[in-house]
Amino acid sequence: MAETDIHETEDGAKPVREVAVPSASGPGTYTVREFADRWWTCTCKFFEHRQVDCKHIVRVKEDTHHAAE
């Protein structure tokens with residue numbers, strides 16, 4: 001996973017962090033964004049349809065937690 005340059009979302013919100021997460025099932029990456037109010041988004045179809053934490057968001061959260069230990 002790699003942190004990327006931060007971009008504003010379509011509604012003008014600016015995330016505090018953006019991370020590129022490699023796809024586990026094939027080529028490509030998904031972008032996980034964390035916002036200041038602890039709101040997370042991902043560009044995968046699972047998140048786009050359900051609006052709940054997907055495996056990519058969980059992975060970034062776990063990596064963040066482990067890095068803080």
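Laboratory data are not the source of any read-out in this text; all were calculated from the coordinates shown. Since this is a predicted model, take the numbers as computed values, not measurements. Methodologically, a virtual Cβ is constructed for each residue, glycine included, from the backbone with ideal geometry; neighbour enumeration extends over all protein chains shown.
Of the trypsin sites (Lys or Arg not before Pro) found in the range 33-69, those in coil by DSSP whose Cβ has at most 12 other Cβ atoms within 10 Å are Arg38.
For the range 37-48, backbone phi angles converted through the Karplus equation (6.51, -1.76, 1.60; θ = phi - 60°) give residue-by-residue couplings of 8, 6, 9, 10, 9, 9, 8, 6, 5, 4, 5, 4 Hz, Gly and Pro being listed as x. Take the Cβ atoms of Lys45 and Lys14, set R0 to 22 Å, and the FRET efficiency comes out at 0.35. For the range 15-60, the Cβ-based charge dipole about the Cα centre amounts to some 120 debye (Lys, Arg positive; Asp, Glu negative; other atoms uncharged).
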